[in-house]
Amino acid sequence: MASFLDSVQTAAQLVTSFDPTLWSIVGRSLSVSATACVIGCAIGLAAGAWLGVARFSGRQAVMAMLGTLLALPSVVVGLVVYLLLSRSGPLGFLGWLFSFKAMVLAQVILVVPVVTALTRQVIEDAERGHGEQLRSMGAGPWLRCLLLAWDERYALFTVMVAAFGRAISEVGAVMIVGGNIDGFTRVMTTAIALETSKGDLPLALGLGLVLMAVVLVLNAAMTALRHWRERRDGAVSDVTRGLVA
């Protein structure tokens with residue numbers, strides 16, 4: 001017990017004293033995940049919004065494939081990206097293996113199905129409520145996508161926050177394609193796994209504390225946004241009832 005408490009105390013000191021090794025790993029992790037989230041959300045939001053309003057032959061097959069990708073293990077994604085970027089792979093000429101770009105690519109592949117699936121559900125629900133009215137006004141599929149996405153922007157922001165949480169907590173894929181190279185491709189999750197295996201528990205615990213804090217902030221942001229939206233919608237409903245009365 002004493003050893004555990006000593007490790008926790010040392011970990012807290014590393015965090016509060018802004019240990020350069022710890023915070024460089026944190027900064028790199030945030031940078032990789034933020035970049036992947038921006039790219040993944042740009043692709044996933046567009047694809048999900050289109051799937052939410054479009055009706056075409058083979059849509060159910062696309063939905064089934066999307067559901068499969070949601071359950072795809074991260075290590076499988078890492079393996080596929082590794083094979084693609086390896087020297088003998090089709091994208092080997094890029095020279096991205098064991099680099100920042102390779103980790104971003106792996107996380108984008110993991111993020112896109114999540115964002116696409118959640119966005120599709122949000123837009124499809126909105127389409128059921130307002131799609132007929134928009135179609136009667138002559139709005140085509142892409143215009144309906146834009147209008148419904150703007151109307152559901154707060155829900156879609158929650159989707160983006162969830163996507164960032166998915167990216168920053170991932171370990172398998174980035175370890176395979178990044179190589180966990182100290183000072184270059186080592187991020188929080190891979191560093192925690194490595195330092196734990198080496199027995200450097202204070203650094204692993206310190207990184208774990210920061211990672212938990214990041215996840216906590218993300219959850220708090222989603223909760224606050226949901227509560228704010230509920231209060232806003234309630235206030236609008238009260239005003240509408242007052243005008244009708």
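Any read-out appearing in this document is the output of simple, stated calculations on the displayed coordinates, not a laboratory observation. None of the values given here were measured: they were computed from a predicted structure. Cβ coordinates were reconstructed from backbone atoms using ideal geometry, including for glycine residues, and neighbour counts include every protein chain displayed.
Candidates in segment 39-91 are the residues that are within 15 Å of the chain's Cα centre (by Cα) and free of Cβ contacts under 8 Å to residues at least 40 places away in the same chain; of these, the one that is surrounded by the fewest Cβ atoms within 10 Å (Cβ to Cβ) is A71. Report yes if some residue within segment 210-217 is more than 17 Å from the chain's Cα centre (by Cα) and either farther than 24 Å from G67 by Cβ or touching a residue at least 24 places away in the same chain (Cβ under 8 Å) (or both); otherwise report no. Looking for residues that are more than 17 Å from the chain's Cα centre (by Cα) and either farther than 24 Å from G67 by Cβ or touching a residue at least 24 places away in the same chain (Cβ under 8 Å) (or both), one finds at least one in segment 210-217, hence yes.
Taking the criterion of being hydroxyl-bearing (S, T, Y) and not in a helix (DSSP H, G or I), the only residue of segment 32-58 that qualifies is S57.
The number of residues in segment 30-82 that are more than 17 Å from G178 (Cβ to Cβ) and of a type in the set (V, I, T) comes to 5. Just one of (1) farther than 22 Å from M222 by Cα; (2) under 14 Å from the mean Cα position of the chain (by Cα); (3) hydroxyl-bearing (S, T, Y) fails for T158. It is (1).
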